[in-house]
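Colleague: For reference, the structure I am asking about is given below.
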Amino acid sequence: MRWLRQVAPYVHAFRGRTFVVAFGGEMVAERVRFASFIHDINLLAALEIRLVLVPGARPQIEAELKARGARSRYAQGLRITDDAALMAVKQAAGVLRIEIEAVLSQGLPRSPMAGAQIRVNSGNFITARPIGVRKGVDFLYAGAVRKVDALAIRGALDAGELVLVAHVGYSPTGEVFILPGEVEDFARGRVAENVAVALHADKLLLFTDKLPVDRRDQVISELTAQEADALARKGKVTAQTARTLEHAVRALAGGVGRAHLVSRRMPGSLLLELFTQTGVGTMITADTLEKLRPARIEDVGGMLALIEPLEADGTLVKRSRELLEAEIGNFLVVEHDGIIRGCAALYPFGEDKSAEFACLAVAPEYRDAGYGERLLLACQDRAKALKLRKLFALTTHAAHWFIEQGFRPGDVDTLPSQRQALYNWRRGSKVFFKRI
């Protein structure tokens with residue numbers, strides 16, 4: 001039941017939001033993995049999330065060219081799309097669209113798609129222009145996005161349809177151009193980026209083969225746009241990952257809410273990234289997700305969720321919602337991605353030039369992230385601003401932690417007289433002091 005409760009806030013938050021999802025033709029070619037992905041898409045649609053899918057088609061295009069006895073030609077990292085390549089792309093894109101629509105139309109009883117009523121709209125949403133001649137090379141039917149018909153896409157989404165956008169665009173003169181002209185591994189990313197920006201999408205989800213990792217080879221779960229841009233420029237990630245990061249950064253600059261890099265090789269990665277607290281991919285945001293700030297009345301529910309388990313095991317003294325609301329001005333919180341992950345209070349005793357550091361609570365999965373230490377330092381700074389000279393804390397379970405933070409053991413009779421009068425001898429809390 002705990003995991004279901006963790007999912008519930010995301011379900012409510014995502015309903016009615018617009019997600020643009022880009023994936024490669026490799027995923028479509030892997031039948032079992034693609035079927036699982038479509039089941040996940042079906043679940044998102046059932047949760048009333050507005051979905052735009054942007055598929056790539058590189059392996060399908062290469063297979064079609066090979067069948068026609070033609071070969072790909074590239075220059076300056078771009079595909080030269082001649083008549084033969086254009087016909088291959090048209091064929092591959094058409095077959096791909098039909099295959100995706102067929103999988104989305106499944107509805108067998110006792111299957112993950114049972115009861116699904118997904119209507120797919122795959123209109124001509126992209127106006128394109130030719131890349132033209134660059135450094136003496138004519139790229140022919142290779143094109144770039146000129147305009148996204150956001151009004152038409154929104155209309156389809158408003159009608160409850162899932163929108164499918166191919167990396168093919170059309171000119172006002174009726175010509176067809178392959179978008180955006182780059183090697184197709186990246187074409188879907190550029191189109192998805194443009195679509196997400198035009199729609200002011202809440203999320204852009206980009207499937208990739210390799211996620212950015214840190215020095216310990218662990219997936220980097222969160223990046224700001226500035227950090228992602230620096231990572232892409234430093235050359236410490238693969239070319240594909242760097243290009244995907246660039247799409248994400250540009251999308252955020254264009255007003256997209258969040259961008260996520262998701263591994264296509266991990267089963268269920270889409271749902272795990274969206275509906276778990278830590279995710280399994282890399283989330284990129286315009287600014288940092290983490291904020292340490294004064295608590296507000298609307299934070300009380302999240303604070304109680306942290307405090308109540310600690311009250312139940314005797315770590316904290318019980319506080320009612322009414323008391324928390326009355327004392328909200330004494331509290332600081334750490335907010336991570338809109339959810340309260342930690343809180344602490346500072347109660348000044350001006351006549352004694354001291355303050356009590358109290359009610360420290362951090363979500364279990366974030367207790368190694370330094371949130372407790374950050375809350376303590378913030379409370380110390382608040383106490384210094386009040387021209388107080390020392391902090392004290394009472395604890396039954398965290399004596400070692402307070403010693404590690406520079407506190408020293410003390411006696412009850414050294415507490416301010418007001419606080420001594422409230423001391424609960426039955427709890428037998430240990431007293432610690434710290435000069436600031």
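Colleague: Hey, if we sort 178, 436 by accessible area with the 1.4 Å probe, largest down, what's the order?
Modeller: Details: 178 5, 436 55 Å².
In descending accessible area the options line up as 436, 178.
Colleague: Pairs to check: 90/234; 66/236; 90/147. Give those whose C-alpha atoms are more than 30 Å from each other in this structure.
Modeller: 90/234; 66/236
Colleague: Highest mean first, how do 20-29, 61-70, 224-233 rank when packing is the count of other Cβ atoms within 10 Å averaged over residues?
Modeller: Top of the packing list down: 20-29, 224-233, 61-70.
Colleague: In Å², what does the accessible area per residue of the chain work out to with a 1.4 Å probe?
Modeller: Accessible surface, normalised per residue, equals 49 Å².
Colleague: Hey, how much of the P(r) for the stretch 11-104 falls beyond 22 Å, as a percent of Cα pairs? Spell out each step's value before the answer.
Modeller: Values: 1739 of 4371 pairs.
Of all Cα-Cα distances in the stretch 11-104, 40 percent exceed 22 Å.
Colleague: For residue 430, go through the lysines and keep the ones whose alpha-carbon is under 20 Å away, minus same-chain ones fewer than eight residues off.
Modeller: Qualifying lysines at Cα under 20 Å: 318, 390.
Colleague: So what's Rg/Rh here for the stretch 155-295, counting alpha carbon atoms and using the Kirkwood radius for Rh?
Modeller: Details: Rg = 16.2 Å, Rh = 16.2 Å.
Rounded to two decimals, Rg/Rh equals 1.00.
Colleague: Can you compute the modelled spin-label distance between residue 297 and residue 217, with each label point 7 Å from Cα toward Cβ, in nm?
Modeller: Rounded to a tenth, the inter-label distance reads 5.4 nm.
Colleague: While we're looking at this one, here's another question. Compute the length gained on full extension between residue 337 and residue 233: take 0.36 nm times their separation in residues and subtract their Cα-Cα distance, giving the result in nm to one decimal. Let's see the in-between values first.
Modeller: Details: separation 104, 0.36 × 104 = 37.44 nm, distance 2.63 nm.
Extra length available between residue 337 and residue 233 comes to 34.8 nm.
Colleague: Calculate the length of the line joining the C-alpha centroid of the stretch 3-76 to that of the stretch 214-281, in whole Å.
Modeller: Using only Cα atoms, the two centres lie 16 Å from each other.
Colleague: Between residue 414 and residue 127, what's the calculated FRET efficiency when r is the beta-carbon distance and R0 is 56 Å? Round to 0.05.
Modeller: On the way: r = 76 Å, r/R0 = 1.35.
Efficiency computed from Cβ-Cβ geometry: 0.15.
Colleague: While we're on this one: In the chain, which helices (entire DSSP H runs) extend 15 Å or more along their own long axis, judged by Cα positions, while averaging at least 0.5 on the Kyte-Doolittle scale?
Modeller: 31-46, 83-104, 300-312
Colleague: Place a +1 charge on the Cβ of each Lys and Arg in the stretch 1-153 and a -1 charge on the Cβ of each Asp and Glu, then give the dipole magnitude about the Cα centre in debye, rounded to the nearest 20.
Modeller: Details: 22 positive and 12 negative charges, 69 e Å.
Charge dipole of the stretch 1-153: 340 debye, to the nearest 20.
Colleague: Let me ask another. Would you kindly state how much longer the chain becomes between residue 47 and residue 327 on full extension, computed as 0.36 nm times their sequence separation minus their alpha carbon distance, in nm to one decimal?
Modeller: 97.0 nm
Colleague: Related question: Please sort 42-52, 413-423 by packing, taking for each peptide the average over its residues of neighbouring beta carbons within 10 angstrom, highest first.
Modeller: Details: 42-52: 19.1, 413-423: 13.0.
Per-residue Cβ counts within 10 Å, averaged per peptide and sorted highest first, yield 42-52, 413-423.
Colleague: Roughly how many nanometres apart are two label points built 7 Å out from the Cα toward the Cβ at residue 290 and residue 90?
Modeller: With each label placed 7 Å out from Cα toward Cβ, I get 5.4 nm.
Colleague: Ok, one more. In the calculated pair distance distribution of the chain, what percentage of Cα-Cα distances lie above 31 Å? Write out the running numbers ahead of the final one.
Modeller: Values: 48579 of 94830 pairs.
So the portion of pairs separated by more than 31 Å is 51 percent.
Colleague: Among 372, 77, 342, which one shows the highest mean-square fluctuation when the chain is modelled as a Gaussian network with alpha-carbon springs under 10 Å?
Modeller: The residue that fluctuates most here is 77.
Colleague: To the nearest 500 deg cm²/dmol, what mean residue ellipticity at 222 nm is calculated for the chain from DSSP H runs of n ≥ 4 alone, each contributing -39,500 (n - 2.57), summed and divided by the residues?
Modeller: On the way: 15 runs with 168 residues, N = 436.
Computed mean residue ellipticity for the chain: -11500 deg cm²/dmol.
Colleague: Grab the Cα-Cα distance for residue 385 and residue 7, subtract it from 0.36 nm times how many residues apart they are, and report the gain in nm with one decimal.
Modeller: Between residue 385 and residue 7, full extension yields 132.1 nm more.
Colleague: Something else about it: Order these peptides, 129-138, 31-40, 256-265, by their mean beta-carbon neighbour count within 10 angstrom, highest first.
Modeller: The densest-packed peptide leads the list: 256-265, 31-40, 129-138.
Colleague: How far apart, in nm, are the 7 Å Cα→Cβ label points at residue 430 and residue 365?
Modeller: The answer from the label model is 3.1 nm.
The values are calculated or read from the model by the stated rules, or taken from the named source; none is laboratory data. It should be emphasised that the depicted structure is a prediction, and the values quoted were computed from it without experimental measurement. In this analysis, Cβ positions are derived from the backbone assuming ideal geometry, glycine residues included, and neighbour counts consider all displayed protein chains. SASA here: full protein model, heavy atoms, side chains in, ligands and nucleic acids out. Shrake-Rupley method; radii C 1.70, N 1.55, O 1.52, S 1.80 Å.
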